[in-house]
Amino acid sequence: MKNKKIIIGILLSISIICFPLLSISKNNTSYPLNDEEYKISMDDFSKICLTPGENETMLNFCWYDTNPDGNSQIKIWEKYGDIMFYKGLKNELKDGFVSNKVTVKNLKENTTYYYSYSNDGIWTKPVKFKTKSFKDFNFAFMGDPQIGASSKKMNSHKDGIEKDSFNWNKVIKKSLENNDDISFLVCGGDETNTIEEKNNIEKAKISNIEYAGFLNPNYLRFIPVANTIGNHDKDNENFCNHFNMPNTSHLGETKAGGDYYFTYSNTLFLFLNTNNLNINEHKEFIENAMKKNTYMKWKIAVFHHDIYGGGIHNNDKDVKELRHKLPYILEKNNIDLVLCGHDHIYSRTYPLKNNKKNSKGIVYITGSSSTGSKFYKHIDKTKNYIKSKYDKEEPTYTIIKVSENNIIITTNKVNDDKSIDNKIIIEK
Ligand SMILES: [Fe+2]
């Protein structure tokens, strides 16, 4: 943490003025579908999902089919290159589906690839994707898409899921169109809404449809997403069956999975399942990952429960317990930045150490709802550790640019691209 400086206050107005200029330079990747054409197939929860691999040269794939025999296979190639085959693992599920997980290795930076996967024994139509820089890189952070949370306000689950899936597609589209070089997405938990219960077939059915909604955006066929386990996900096996997380552990485990990590360029990403309140397990996980990655310059922790958030969850028993025990471990391990969700309200703290403002401390950022599927009543009183808060009922997303000497963070509204906070620069 030596010499770390957090520079805040590049004027909000500058980014608002600049944004129209940025939005002219559209990404040249052929993105799918106009808004009007966006359709979700409610019973197709088999779509392939990409996840960052153990490091930037690897990529994880996961998809459902119905074939328990044979190999889970991906083939991948450059335009004029040899075809490489990668085999993985099948997991037969109770409902007749099979979850396939494959890891692809030896990827090069800034390179166009094509991949195809074996779906019920048939090779799918090739999908084109491009790796980004393996040095300086950008990623987009989205809070609580919570596909299906709109259903309460709509006529049916179907209507709610369609609406949330549409808006999930929209926030991904905005973040990619306005920022050419996004390497991957980070999602802060509550990917879907329905909390699965044992032997509750109706809930299992709705959860499957919500996963169809989450997986529907075509962007997810070529942009990896690293998901966090939220309180709505913690007991849902759909989470670990649909997403192929790298470096998984049994520490911090619930039914959905445990803590996991990956590295990309000079950064270690630590994903904690804070639904599990066994702090010693999270401590062990963090220390193990740190030991294996001593040369990483930046360390970013991602977990769902916003221990220094600006919303109603602040006084929840679990959040209080985490706030009491977790920061010390994060500080001891020199974490530079923490990303959370849970409150569906954007907030950013002062740099904090020992529960106090400290220029060498950790900045905690909580994402708002990235889809607008659910907002809580906001609370007027703002805690003294909050430097900036945005509690309007507007979906937002955050872009984080990582380079050798700094991390630059901007957060914008999805609907009009306006910034909701100053640009944050963390220097080290
Ligand atoms: Fe949530």
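The values are calculated or read from the model by the stated rules, or taken from the named source; none is laboratory data. Since this is a predicted model, take the numbers as computed values, not measurements. Using ideal geometry, Cβ is built from the backbone for each residue, glycine included, and neighbour counts are taken over all protein chains shown. Only protein heavy atoms, including side chains, enter the accessible area calculation; ligands, DNA and RNA are left aside. Shrake-Rupley method; radii C 1.70, N 1.55, O 1.52, S 1.80 Å.
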Strands (runs of 3 or more DSSP E) completely within region 233-347 that count 1 or more residues being open to solvent by 10 Å² or more (accessible area, probe 1.4 Å) and without any contact (Cβ under 8 Å) to a residue 40 or more places away in the chain = 260-264, 298-305
ask   = What are the pairs, 6+ residues apart or on separate chains, where a residue within region 193-215 that is farther than 18 Å from Gly143 by Cα and among the acidic types (Asp, Glu) has its Cβ under 7 Å from a residue that is assigned to a loop (DSSP other than H, G, I, E, B) and open to solvent by 20 Å² or more (accessible area, probe 1.4 Å)?
value = Glu196/Asp235
First in region 363-377 and closer than 14 Å to Gly188 by Cβ and of a type in the set (A, V, I, L, M), second anywhere and away from the ligand (no atom under 11 Å from the Cβ) and part of a loop (DSSP other than H, G, I, E, B), Cβ under 9 Å, 6 or more apart = Ile365/Asp421
ask   = Quick one: which strands (runs of 3 or more DSSP E) sit completely within region 96-163 and have at least 2 residues that are more than 16 Å from the ligand (Cβ to nearest atom) and open to solvent by less than 10 Å² (accessible area, probe 1.4 Å)?
value = 98-104, 112-119, 137-142
query = Based on what the data block shows, is Lys360 in a loop (DSSP other than H, G, I, E, B), charged (D, E, K, R) and away from the ligand (no atom under 16 Å from the Cβ)?
reply = yes
note = Matching residues in region 366-386 (part of a strand (DSSP E or B) and within 16 Å of the ligand (Cβ to nearest atom)) number 1
inquiry  = If I filter region 227-237 for residues that are more than 16 Å from the ligand (Cβ to nearest atom), in contact with a Phe, Trp or Tyr (Cβ under 6 Å, 6 or more places away or on another chain) and closer than 25 Å to Thr267 by Cα, do I get at least one hit?
reply    = no
query = Within region 170-193, can you find the residues that are open to solvent by 10 Å² or more (accessible area, probe 1.4 Å) and either more than 21 Å from Phe303 (Cα to Cα) or within 15 Å of the ligand (Cβ to nearest atom) (or both)?
reply = Lys170, Lys173, Lys174, Glu177, Asn178, Asn179, Asp180, Asp181, Asn193
Conditions (1) hydroxyl-bearing (Ser, Thr, Tyr); (2) open to solvent by less than 50 Å² (accessible area, probe 1.4 Å); (3) closer than 27 Å to Glu237 by Cβ: number failed by Thr66 = (2)
